[in-house]
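Each remark here refers to the structure printed beneath this line.
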């Protein structure tokens, strides 16, 4: 599917300013939409909106369907009557005006969770008939995943967040009598998790509608794999490569690459694709359907895994001793197309890309990705160089997994620097904006630049480093960093290059 020629900005909502330790769906998000519109940007790309997992990563969520409750705007809960004004006063360690603010998850998480719990309890005790009716409607709309998710999260808390295969055997294997008993025992906490999802979905729907009304579409992000400690693996054990005890036999990752000499051992359980095929890939169809209820365009992470994926024995400590196996290929995307029709999907086709990966992407008309930061380490045939781009691609200066352009340029090899200076006709003094201009000028239909590159920030603003398990996902900006000329310059580049 060809996309209209447009450009946008990559920024996860957690990176927004705000008083409660991390960005959320509150007024700052609406202000950012206004800024995007003023800058002539038609796209806002996010990381996964799902809950965070180990290392605070949004790519290791405990649900493929539930949203990140830490994104719920607490001020809206006050407006509904479920929090007091005093509850909105930031705790020590949350409020800061420093230009380079990092999320302190150890402070932010308990602060937000305590207030969510108070709001849920007050709703349960004092909710108005209209509020209760809307909650019941949401529950009915999302029941296919919400009940399992809320029970799963309640059991995780009760069991100290240990792997679900270590729970009481009857719960691990989902014995109906044990599940019924657990629902009764944990009814209050189950209601809490359902409440949090209700507010997440309602707040996000309002924000997305506002963005769409301003001419801004949302690009979401769907990880190909999901975490082992997730409601969906527990609830659909037959769809994953698990042994009789519920433990993964093999896990996901990638072989040694640019980012890691021993590869990346992600640890996600792999799909048992033969089981998915039996019911026409119904779980995947539902996952894609639900994702498009939240966003306008979906970027599927690690698309090459659908053509072939790297299987690592669960006993291996690194990703080195794995093997390539064929993925579901055309069968999966035919099932999705049959059920949902043509969908605006971006295929993250980075890494070891073989002809079968390109063939699969092109057969279903899915635009791929081009990263300018990777373009200057080869020769004129490099597919990341702008003159080799194709219209059905999305060009990025960098992604959440890359260094910022300023950081990359500071550590680039002499060869890369020489090639980039000659290719881009620059002395290198303003590489972030030089690269943004090159991306905007590309024939690629879609162009996306991380806000860190718009602000020309150094390595310290990097969002993630693949293969490193902690210390990432915490970058935030402050409005004082974003000047009127940033918007004016983006808007002018958009005018010049037809975006």
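The values are calculated or read from the model by the stated rules, or taken from the named source; none is laboratory data. Not measured: the values here are computed from a predicted model. Methodologically, a virtual Cβ is constructed for each residue, glycine included, from the backbone with ideal geometry; neighbour enumeration extends over all protein chains shown.
List of remarks:
- The residues in segment 293-305 that are touching a residue at least 12 places away in the same chain (Cβ under 8 Å), more than 23 Å from residue 357 (Cβ to Cβ) and surrounded by fewer than 21 Cβ atoms within 10 Å (Cβ to Cβ) can be counted, and the count is 2.
- Counting only residues that are part of a loop (DSSP other than H, G, I, E, B) and crowded, with 18+ Cβ neighbours inside 10 Å, segment 429-454 holds 3 of them.
- Candidate set from segment 360-378 (those that are within 30 Å of residue 335 (Cβ to Cβ) and over 21 Å from the mean Cα position of the chain (by Cα)); member that is surrounded by the fewest Cβ atoms within 10 Å (Cβ to Cβ): 363
- For segment 319-357, residues that are surrounded by fewer than 17 Cβ atoms within 10 Å (Cβ to Cβ), within 22 Å of residue 263 (Cα to Cα) and within 24 Å of the chain's Cα centre (by Cα) total 2.
- Residue match in segment 70-79 (condition: surrounded by fewer than 16 Cβ atoms within 10 Å (Cβ to Cβ) and more than 23 Å from residue 451 (Cα to Cα)): yes
- Considering only residues in segment 461-492 that are touching a strand residue (DSSP E or B) at 6+ places or on another chain (Cβ under 8 Å) and over 22 Å from residue 68 (Cβ atoms), the one that is modelled with the lowest pLDDT turns out to be 467.
- For residue 436: the one exception among (1) under 29 Å from residue 256 (Cβ atoms); (2) in contact with a strand residue (DSSP E or B) (Cβ under 7 Å, 6 or more places away or on another chain): (1)
- 3 or more residues in contact (Cβ under 8 Å) with a residue 60 or more places away in the chain: qualifying helices (runs of 4 or more DSSP H) within segment 94-182: 105-126, 129-158
- Selected residue (criterion: surrounded by the fewest Cβ atoms within 10 Å (Cβ to Cβ)) from residues of segment 233-285 that are at positive phi and touching a helix residue (DSSP H, G or I) at 6+ places or on another chain (Cβ under 9 Å): 280
- Flag if residue 326 is without any contact (Cβ under 8 Å) to a residue 40 or more places away in the chain and out of contact with any helix residue (DSSP H, G or I) (no Cβ under 7 Å at 6 or more places or on another chain): yes
- Condition check for residue 490: in contact (Cβ under 8 Å) with a residue 12 or more places away in the chain, at negative phi, crowded, with 16+ Cβ neighbours inside 10 Å and out of contact with any helix residue (DSSP H, G or I) (no Cβ under 6 Å at 6 or more places or on another chain): yes
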